[in-house]
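The values are calculated or read from the model by the stated rules, or taken from the named source; none is laboratory data. In this text, all values refer to a predicted model and were calculated from it rather than measured experimentally. Here the Cβ positions follow ideal geometry from the backbone for every residue, glycine too, while neighbour counts run over all protein chains shown.
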Amino acid sequence: MNKCPQKFVHSLIWLLIFLPINPVNLFSQSLPQNGIPFHGLDVALDHVEDKLNGTLLELNFNPNLHPSLTVRETGKWDESKLDRYEWTSGFFSGTMWHMYRITGDESWKEKAEMWTEDLEDAATISYDHDTGFRIFNSFGNGYKLLKNRSYYRVLLKGANTLSNRYNPTIGAIKSWDWIGNFPVIIDNLMNLELLFWTADTIENNKLYNQALSHADLSLTHHMREDGSTYHIVDFSDDGTVIKKFTTQGCNSTAPGCGERSVWARGQAWAVYGFTMIYRFTKKERFLEAAIKASDYFIENLPEDRVPIYDFHEPVPSVKSKDASAAAIVASGLFELYSYTKNVLYFNTAVDILESLTSDNYSTINSDSNSILKKSTIHRGKGNVGTSYADYYYLEAIIRYMELVQVEFPIIETENNLYLDQNYPNPFNNSTMIYYTIEQEGNVKLSIYDYTGRLVQTIVDRSLPSGNYNIEFNSSGLSSGIYFYVLSSNKQTLSKRMTLLK
């Protein structure tokens, strides 16, 4: 482990005094008709805070370390899975952003910022589809709360990285580079949120159409008639299906499993993913898919409402539970309820939260610093804690609180002007300049050379508050250092960029 950075030492003092979570009014709840209350809410929030504090201590307050899963024998976070390149790296900072939203406590904001900012380079990881998990859960949650312009820039960069994995012939984003020909996994639905959100924010039809095409392809090929899902669909270069199979569930090649394997976490991704896609598209086919996937999930749940890792695992000795699938689906069901008003989805999600908050799945009486236990990574590797189970557990709690109209603390953002570093930089021929104005007014964006000579004014007009980006084309200019200057409402910001031809 790295030594504790000097700037975090003061946090130790604060952590020794575990401040209770009381800024929200947990007692004034408005349940849906025939809805049941989540009785374990107070206990759950206290437990989450305690375990997040424990994780910070275990990590020596080092924001370069991002917990992924625990070691089954010790309950400690696996030290070999702590870097920003893991697909799970965005969940811990995202969970702390959730805590900041619930509590309004500035100390959670400070920690969330530290762990989020370490992930900036992860926005350009291009060898898999997990940019959304890494970037949207961290920078996305932070941006929703703070409207931090630098976070916005990272989100756009991440969306561009993910978009580059899209194949127009197949009509989908390639999930992995190390298996099959062009594998598309059910998990990939979740990363479409980054594309849909970015497309909606900057009105980018290309990103929207890519995400929509991928969603439709997955709807066609991942879902079975009964609402269950395949884990992986591998495509040939011309877009025809080579094979449909499972690896993380009851592996299709394992005795007794075969094609009928239904990986519980994959089914949860489908419930959550298709519901989220409906949020952005409002296309009924995705709502219908979410309902079918949810009904299958619910019909196959055991009495304690937490599934085994694969609904069709035939061997009793490996029928391990998967708390992560339960947490993901609980969050998805709360959102699905908001569109359907089917109280079955609301009450099932509450039942799942009650079960996860119990001693059977909570680490409340354990030395482990994960919030939940009994997640399963894949067949034969169960009974571990994971950062993603913890993340979706707390997200599900937030969605419950929203639906029952619990009052959250007011988090104010500053009215300001933001100018981000152009991307790419250095650049050849063209680059994008990103800026935000939070007060309507005349906006002027100009380019100057190194001597201070005005080269071009690319924006000069009145604009409403919002996020903007514009392409600067350097045709006719020579290599060198240039400055771009943004002025609005008596504020002026400038940054340097490098043109290399």
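Here is a yes/no grid of residues against (1) within 30 Å of V315 (Cα to Cα); (2) of a type in the set (A, V, I, L, M, F, W, C):
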{"position": "A199", "(1), (2)": "no, yes"}
{"position": "K206", "(1), (2)": "no, no"}
{"position": "G239", "(1), (2)": "no, no"}
{"position": "V262", "(1), (2)": "yes, yes"}
{"position": "E288", "(1), (2)": "no, no"}
Pairs needed: first member in segment 470-483, more than 14 Å from S430 (Cβ to Cβ); second member anywhere, polar (S, T, N, Q) and in a strand (DSSP E or B); C-beta distance under 7 Å; at least 6 residues apart or different chains. I481/T498; F483/S494
Search result, residues across segment 198-235 that are more than 22 Å from Y435 (Cβ to Cβ), within 21 Å of the chain's Cα centre (by Cα) and polar (S, T, N, Q): N209, Q210, S213, S218
Looking at E354, E303, E335, can you tell me which residue is within 21 Å of the chain's Cα centre (by Cα), assigned by TED's automatic domain parsing to the domain that holds E73 and either part of a helix (DSSP H, G or I) or modelled with pLDDT of 95 or more (or both)? E335
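Residues are listed down the side, and each one gets a yes or a no for (1) within 17 Å of the chain's Cα centre (by Cα); (2) outside any helix (DSSP H, G or I); (3) closer than 28 Å to N188 by Cβ:
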| position | (1), (2), (3) |
| --- | --- |
| H47 | no, no, no |
| D50 | no, no, no |
| G54 | no, no, no |
| N62 | no, yes, no |
| P67 | yes, yes, yes |
| S80 | no, no, yes |
| Y85 | yes, yes, yes |
| T88 | yes, yes, yes |
| F92 | yes, no, yes |
Given (1) among the aliphatic types (A, V, I, L, M); (2) surrounded by fewer than 17 Cβ atoms within 10 Å (Cβ to Cβ); (3) over 21 Å from D304 (Cα atoms), V406 misses just (2)
Within segment 144-156, track down each residue that is crowded, with 19+ Cβ neighbours inside 10 Å and under 15 Å from the mean Cα position of the chain (by Cα). Y151, Y152, V154, L155, L156
Filter segment 307-332 for residues that are closer than 20 Å to D359 by Cα and surrounded by fewer than 24 Cβ atoms within 10 Å (Cβ to Cβ); which is farthest from the chain's Cα centre (by Cα)? K319
Note on D177: of the conditions (1) surrounded by fewer than 17 Cβ atoms within 10 Å (Cβ to Cβ); (2) within 29 Å of E299 (Cβ to Cβ); (3) among the charged types (D, E, K, R); (4) free of Cβ contacts under 8 Å to residues at least 60 places away in the same chain, unmet is (2)
